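To start, the structure under review is shown below, and the notes come after it.
Only the coordinates and a few stated rules stand behind these numbers; no lab work does. Fair warning: this is a prediction, and the values are worked out from it, not measured in the lab. All Cβ positions, glycine included, derive from the backbone under ideal geometry; neighbour counts span all protein chains shown.
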């Protein structure tokens, strides 16, 4: 059911629709090297085959999982032979993100020389997984997960196409079965067609497939997720940003999406611990021990019961007041230390466990705060170069207003003393 022309490609109008930059390059026979970035089943391999056929180039393909530099050299040698005969070569590299730097570098001279037109396919963000020099020589084309209308068009084509599809069997779908196939696809045409084929395999010619037929063929839905790739980071980002915005429902949803997709619950809890410090912070410091306790519960319980602890932690974090004042202070301090370097500790607050250290002035003049009324002493604890500097600025929330008042009391008492 792969499309045989650009016009048969559905759901990717933004990438190859009429009037797009890539469509004009195809029509002018000026196809550049490309990186096709999109989720599984969005049509990366199909588009590469169509591009090769449109340009009249020979089609070669490699899988980054199974191939190495030796395979690249063999393809390039065949491409050189064709080029001498006036024919180009389109090399499709599936999962190009799995090639290491040296393997990706092997393409560079041949792309530059025009020996091959490289079309790489990846489900990962190319800016993270494709070398800069190679990426700069390719145009990135973003393919999207197919929407319901595009999936419906693919489904209709599969049911009616006599040559490549199931048209000869005169099968049909009831409304619930059709909706179920589109839903189980999750934007992935390949998944949908596989389920359709399985359901059709046990049906009689002329039958109308039902929702039950589709459900039996689909089995339990496997959520698209790569625990070391784009989906991993996107879901984690969605979780933190939802909690940061105090959206409890969204926070619960993204947390369950991570767990249901097979993510390690301990990773989810590590992210929640970060949120407790980075986003809730001093606005509600009592929240951090609660999340630590939830992390301990996750370790003790394991799946599936640990999901309760995860969701409780999400709800606590999302409903808590928020402050990033400590994150701001941390970044300011990091910048200060980078700028001023390792300034020496003032002598009066250095440790002085030996007589020699005392003779050198370590600890001399130190004022023990507990010996003074209210514990306030007019004593500088920063290096002289940083005296009176302030990196932490309390946020505008009840708890940090208390901290700000205490800081002012200390400042006034020190000034008075």
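Annotations
- Added length on full extension, which subtracts the Cα-Cα distance from 0.36 nm per residue, residue 87 to residue 407: 107.6 nm
- Between residue 183 and residue 299, the FRET efficiency estimated from the beta carbon spacing at R0 = 60 angstrom works out to 0.95.
- Taking the longest Cα principal axis of the chain as reference, the axis of helix 325-340 is set at about 80 degrees.
- Nearest-0.05 FRET efficiency for residue 59 and residue 20, computed from C-beta distance (R0 25 Å): 0.65
- Our estimate of slack between residue 245 and residue 202, defined as 0.36 nm per intervening residue step minus the Cα-Cα distance, is 10.6 nm.
- Between residue 416 and residue 387, the simple label model (points 7 Å from Cα in the Cβ direction) yields a spacing of 2.3 nm.
- The stretch between residue 369 and residue 148 holds 72.6 nm of extra length on full extension. This uses 0.36 nm per residue minus the Cα-Cα distance.
- If R0 is 51 Å, the Cβ-Cβ spacing of residue 380 and residue 102 corresponds to a FRET efficiency of close to 0.40.
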